[in-house]
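Undergrad: Handing you a structure now.
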Amino acid sequence: MKRLYLMRHAKSSWKNKDLEDYQRPLNKRGKRDASFMGKVLKKRGVFFDIIISSSAKRAYQSAKRVAKEIGYDKKILKDKKLYLISFEEFLDYIKNLDDKYKSVLIIGHNPDISKLFSYLTGKESKMPTAAVGALKFKGDRWRDIEEREIEALFFDYPKKFLTK
């Protein structure tokens, strides 16, 4: 059985207008929300064999905050391919994950992370910043993800917890 967790990076700062999009860091709310989502994942008992993040600054900072909260002590893989990746490329990326990983967190960007989650669940989903969507499917190979029945385990985001 494989578990895939897709996370949209937390809220980024627009304070420095001279920074390229790729270099934008998290803002104060983004830092808080990324850490909060790490706590949510820890409370759910989630673990990851690997965390893979877009190499964009805001995504990697989100990954580091989540990792810290859940006690993930392995290396976070930064991959530039996840920055400005198309939906089709994103799906191929997942199909090419190493099958030794059973539980994977990927931190990326909209709109394609939302498109991918929607496609895999069969339900329209717009992922707000710091949202995490969790999926599982039976099988031993990531390349079979489209051929297996996929179960959505949860879809969490910071504001969901503020309204309760």
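The numbers here are math on the coordinates, done by the rules we state, and not lab data. Not measured: the values here are computed from a predicted model. Cβ atoms come from the backbone with ideal geometry, glycine included; neighbour counts cover every protein chain shown.
Undergrad: Taking 8 Å as the Cα distance limit and 6 or more residues as the minimum spacing, I'd like the relative contact order of the range 20-157 as a percentage.
TA: Relative contact order here is 24 percent.
Undergrad: Compute the signed sum of charges (Lys and Arg +1, Asp and Glu -1) over the other residues within less than 15 Å, Cβ to Cβ, of Tyr22.
TA: Neighbourhood net charge equals +3.
Undergrad: Between the alpha-carbon centers of the range 1-28 and the range 113-155, tell me the distance in whole angstrom.
TA: 20
Undergrad: Same structure again: Which log10 I(q)/I(0) values, to two decimals, does the range 80-142 give at q = 0.19 Å⁻¹ under the Debye formula with one point per Cα?
TA: -0.74
Undergrad: Cα convex hull of the range 1-98: mean projected area in nm², to one decimal?
TA: Computed as one quarter of the Cα hull surface, the answer is 6.7 nm².
Undergrad: Oh, and also: Enumerate the calculated ³J(HN,Hα) couplings along the range 111-120 in order (Karplus 6.51 cos²θ - 1.76 cosθ + 1.60, θ = phi - 60°), each rounded to whole Hz, writing x wherever the residue is Gly or Pro.
TA: x, 6, 5, 5, 4, 5, 4, 4, 4, 6
Undergrad: Once the piece of chain linking Phe87 and Lys39 is laid out straight, how much longer is it, given 0.36 nm per residue of separation minus the C-alpha distance between them?
TA: 14.4 nm
Undergrad: Work out how much length Arg143 to Lys28 would gain on full extension: take 0.36 nm times their residue separation and subtract the Cα-Cα distance, in nm to one decimal.
TA: Stretched fully, the Arg143-Lys28 segment lengthens by 37.6 nm.
Undergrad: Quick check: net charge around Gly108, other residues with Cβ under 13 Å of its Cβ, Lys/Arg +1 and Asp/Glu -1?
TA: Result for the local shell: +3.
Undergrad: Once both axes come from the Cα atoms, what is the angle between helix 57-70 and the longest principal axis of the chain, in degrees from 0 to 90, rounded to 10?
TA: 70
Undergrad: Would you pull out the residues with amide H under 5 Å of Asp79's amide H, same chain only if 5 or more places away, H placed 1.01 Å from N?
TA: HN-HN under 5 Å from Asp79: Ser53, Ser54, Ser55.
Undergrad: Which value, to two decimals, describes the C-alpha radius of gyration of the range 5-164 once divided by 2.2 N^0.38 Å?
TA: Working it through for the range 5-164, the quotient is 0.98.
Undergrad: Over the chain, what is the percentage of antiparallel beta bridges among all DSSP beta bridges, to the nearest 5?
TA: Percentage antiparallel, nearest 5: 50.
Undergrad: May I ask you to order 106-112, 10-16 by the average number of other C-beta atoms within 10 Å around their residues, highest value first?
TA: Listed from highest to lowest mean packing, they are 106-112, 10-16.
Undergrad: Residue by residue through the range 121-132, which ³J(HN,Hα) values in whole Hz follow from phi under the Karplus form 6.51 cos²θ - 1.76 cosθ + 1.60 (θ = phi - 60°), with glycine and proline marked x?
TA: 8, x, 10, 4, 9, 10, 7, x, 4, 6, 6, 10
Undergrad: Now for a different question. Amide H of Leu153 versus every other amide H placed in the peptide plane: which residues, excluding those fewer than 5 positions away on the same chain, fall under 5 Å?
TA: The answer is Ala134, Leu135, Lys136.
Undergrad: Also, quick follow-up: In whole Hz, what ³J(HN,Hα) sequence does the range 28-36 give by Karplus (6.51, -1.76, 1.60; θ = phi - 60°), x for Gly and Pro?
TA: 4, 5, x, 4, 4, 5, 5, 5, 4
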